[in-house]
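Novice: Just passing along the structure, written as structure tokens.
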Amino acid sequence: MKTTLLLFTLALVAHVTAAPALANRGVGIGEQAPAFTLTDAHGQTHSLSDYSGQYVVLEWLNHDCPFVVKHYNSGNMQQLQQSYTEKGVVWFSVISSAPGEQGYLEPDEAVAITAEKGAHPTAVLLDPEGTVGRAFDARVTPHMYIIDPEGNLAYMGAIDDIRSTNVDDVPRARNFVSEALDLLMAGNAVETTVTQPYGCTVKY
Amino acid sequence: MNQHNRGYCRHEPCLHRNASISTIPSVLLLSVMMLFVTTSTNAQLFSSANEEENRVQISLVPSSSSLYHNEGVVWIALHMDILDGWHVYWRNPGDAGLPTEIRWQEYPGLEPGEIHWPVPSRFDEDGITTYGYSDEVLLPVPVRFTEASSQSSDNTVLSVQANWLVCKDICIPESGSAELRLNSEGVFTDYDASASARVHHTLEHLPAAADGWDATGTIDGTSIRVVMTPPEDTNLPLDPSTLYFYAYDGSILEHTAPQQMRLDGRNMELILPTSRYMPSQTDRLEGILVAEPAREGSTAVQALEFDIPLSRN
């Protein structure tokens, strides 16, 4: 023990360095979500403000990320999209991969893969410059956000509580997104508004 | 049999019951088959069916030549040989990724413990920070053995199945198996003294308990202020710029943010920016304080493990 401590201190030299201050990234729960306008895979533009009065879900998407594959191969993501869009929720799958990076899709490719996967988002939004991804500080796929009808952030984080790429974990996981949406739509407060997201890095 | 059934099940309730009995297992079987199909499609897409094609090659390395070298415990390390440019993850992978997982095949009298994680490296990618290992790493596990394990026959095999996520610009889940063979005396038949020496080197460089240190933290706005008082014999002052605190729980600290370390008399002060994802009930900060090598090419890394009680301002 003594040796370790000695080595620990010997490895160090004397002087003090100040680290640069941390720039605040993203927005917090209850704060106004960043305004955005993006074009979807069909060429239609969507602004967040167009959906004022509705719940909006943002799902960061990269179809080649194994964590995303888990939720699409199990049918989990499609089922969430279908069930909540039927209840009037606006669901945007956002692709922030830069051109040439994994997960980047040309509009026609995005249309094709959405059909192939049987996905049911309101729209697949294309964010090749990563502007919206960075505004929300989206770091992983799938990184999930819920925006309330007043435009405030109501949930951010992981899709569920089992950090894995294993399809078998989907049915035994606690899904934070459906839990939060159900509580919100029933007029209740969300218990878990923030969880650490898991996934692959967003390929900005 | 058919004739008998037909005769017996002439009545509707019987036919109905018969139908239910045969339908339920088919549905179950179908579900199981579908699950299997889904899983194998996954495997084909995202990990190589052939372990030789994996980006990470694994093997098991014992710390001694025999099971009975030390009293009741032998360290067995999972060696991960990682393809250039790729990395695997620490226990807290940071902003993305997944820690490596080892599953031991059951063997009478052997009780494998948890991985003792060596000090990780930091990987920064587009403003996203992850913690892990590149090139190669040995993940040591203390394995206890009891009397029962001494009754081994010749060619006993200890085997593990490991699962890991390996990433470069993309991530791939891989898995592999590795084994160690033992003879009836509990001697590892493929024992390699130089490989074993590297396990010892890894063990010697594992984070040590911060004995004699006093550390408390305060959650203050968007950071945790930790005050550490080292033991009397510690040779202060230190160069705080070489220090980095790696938290075990990935939801507490902001991995991308620079940490500030400064000296205040005999105390050391750490300002650790918190994550937006820190749970509100957080009351401890467990992790390792690492003195990272200051010079290029230096491999001297020392780490101390802390469990810091937190209060709120």
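Coordinate-derived values only; no laboratory data. If you're wondering where the values come from, they're calculated on a predicted model, not measured in any experiment. Cβ sites come from the backbone with ideal geometry, for glycine too, and all protein chains shown count toward neighbours.
Novice: Over all residues in B:107-113, what is the mean tally of Cβ atoms on other chains that come within 10 Å of each residue's Cβ?
Specialist: Across B:107-113, the average partner-chain Cβ count within 10 Å equals 0.
Novice: Could you tell me which helices of chain A pass both thresholds, a Cα extent of 27 Å or more along their own axis and a mean Kyte-Doolittle hydropathy of at least -0.5, with helices taken as whole DSSP H runs?
Specialist: none
Novice: I want to check the label-to-label distance for A:Glu116 and B:Thr234. Put each point 7 Å from Cα in the C-beta direction and report it in nm to one decimal.
Specialist: Distance between label points: 5.6 nm.
Novice: Please list B:54-63, B:110-119 highest first by mean number of surrounding beta-carbon atoms within 10 Å per residue.
Specialist: Top of the packing list down: B:54-63, B:110-119.
Novice: Averaged across B:92-100, how many Cβ atoms of other chains sit within 10 Å of each residue's Cβ atom?
Specialist: Partner-chain Cβ atoms within 10 Å, mean over residues of B:92-100: 5.
Novice: Okay, moving on. Roughly how crowded by other chains is peptide A:136-147, in terms of the mean Cβ count from those chains within 10 Å of each of its Cβ atoms?
Specialist: Numbers: counts 0, 4, 1, 10, 4, 2, 0, 2, 0, 0, 0, 0.
Average neighbour count from other chains, rounded to a whole number: 2.
Novice: Ranked highest first by the average count of other Cβ atoms within 10 Å around their residues, in what order do B:270-277, A:45-52 fall?
Specialist: Result, highest mean Cβ count within 10 Å first: B:270-277, A:45-52.
Novice: Also, I was wondering about something else. With an 8 Å cut-off on Cα pairs and a minimum separation of 6 or more residues, tell me the relative contact order of chain A in percent.
Specialist: 27
Novice: Here is a follow-up. Taking the Cα centre of the range A:75-204 as origin, work out the dipole magnitude from +1 charges on Lys and Arg Cβ and -1 charges on Asp and Glu Cβ, in debye rounded to 20.
Specialist: 200
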